[in-house]
1. Per-residue ellipticity at 222 nm for the chain, helices alone: DSSP H runs ≥ 4 residues times -39500 (n - 2.57), over residue total, nearest 500 deg cm²/dmol?
2. What are the residues whose amide H is under 5 Å from the amide H of Gly122, where those residues sit 5 or more places off or on another chain and H is modelled from the backbone?
3. Extent of the chain along each principal axis, from alpha carbon coordinates, in Å, largest to smallest?
4. Find which of Thr84, Met37, Leu173 sits farthest along the positive direction of the dipole of the chain, computed with +1 on the beta-carbon of Lys and Arg, -1 on that of Asp and Glu, about the Cα centre.
5. About the Cα centre of the range 13-84, what is the dipole size in debye to 20, counting +1 per Lys and Arg Cβ and -1 per Asp and Glu Cβ, all else neutral?
6. Could you tell me the relative contact order of the chain? Use alpha-carbon pairs under 8 Å, at least six residues apart, and round to a whole percent.
7. Take Thr84, Thr178 and order them by how many other Cβ atoms sit within 10 Å, fewest up front.
8. Please list, in order along the range 49-58, the HN-Hα scalar couplings obtained from phi with the Karplus expression 6.51 cos²θ - 1.76 cosθ + 1.60 (θ = phi - 60°), rounded to whole Hz, x for Gly and Pro.
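The numbers here are math on the coordinates, done by the rules we state, and not lab data. Everything numeric in this text was worked out from a predicted model, so none of it was measured. Cβ atoms come from the backbone with ideal geometry, glycine included; neighbour counts cover every protein chain shown.
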Amino acid sequence: MDVPQQLSHASQQRRAFWLRYLHQWHWISSAMCLVAMMLFAATGITLNHAAQIEAHPAISNKTGTLPSALLDQVIVARNDDAATLPEAVRDWLVEELGIDTAKQAPEWSPEEAYLALPRPGGDAWLRIELDSGALEYELTERGWIAYLNDLHKGRNTGSAWNWFIDAFAAGCLIFCVTGLLLLKMHAANRSATWPLVGYGVVLPVLLIVIFMH
């Protein structure tokens with residue numbers, strides 16, 4: 001085998017290696033991101049048309065009275081400007097009323113402890129009167145579309161979901177970058193490759209320049 005043939009063979013081997021490597025990471029990232037990508041694409045549509053999608057919030061209320069021993073703990077926590085309600089109070093709220101405050105920080109005042117309890121697809125709050133122990137809880141649920149929209153935005157979803165969004169975004173970047181490199185490697189045999197890529201770049205730029213002021 002002469003030198004040009006050796007160089008050509010080495011070039012083909014490198015190309016085959018990179019094609020195999022890029023295809024592997026492309027399908028792995030696409031498989032891992034598939035379901036989440038469909039979720040984010042669908043909720044992108046619902047968020048874009050939020051004004052046209054009617055919401056029918058369901059509001060529920062609960063009332064009760066905190067036992068005096070637990071109320072004393074709340075008052076001590078207020079005096080100490082504690083970051084959460086006492087553990088015994090949180091446990092009682094879960095067991096007796098099904099209210100999970102999830103170590104949410106209360107807003108203290110001389111008259112009451114107020115906890116905002118936001119959640120995906122809804123909202124809630126809890127108020128405890130410090131003189132009598134009377135408590136009031138309200139839960140607002142806006143439906144499954146609002147729930148999925150909040151997952152898209154990472155609104156009140158907690159740190160675990162936020163980490164998932166970061167990992168999902170990294171997976172999407174791997175999917176896109178490997179796809180771009182595969183396009184480059186196949187572009188010589190597919191004449192429409194770069195015009196289509198250019199179209200995908202130029203169209204949103206034109207929309208921004210022409211219609212957004």
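1. The per-residue figure over the chain is -20000 deg cm²/dmol.
2. For Gly122, whose amide H was placed from the backbone, the distant partners under 5 Å are Arg142.
3. Dimensions of the chain along the principal axes of its Cα atoms: 95, 43, 28 Å.
4. Leu173
5. Approximately 740 debye in magnitude.
6. Reported as a whole number, the value is 23 percent.
7. Result, fewest neighbours first: Thr84, Thr178.
8. With the stated coefficients, the range 49-58 comes to 10, 4, 5, 8, 9, 6, 10, 10, x, 9 Hz.
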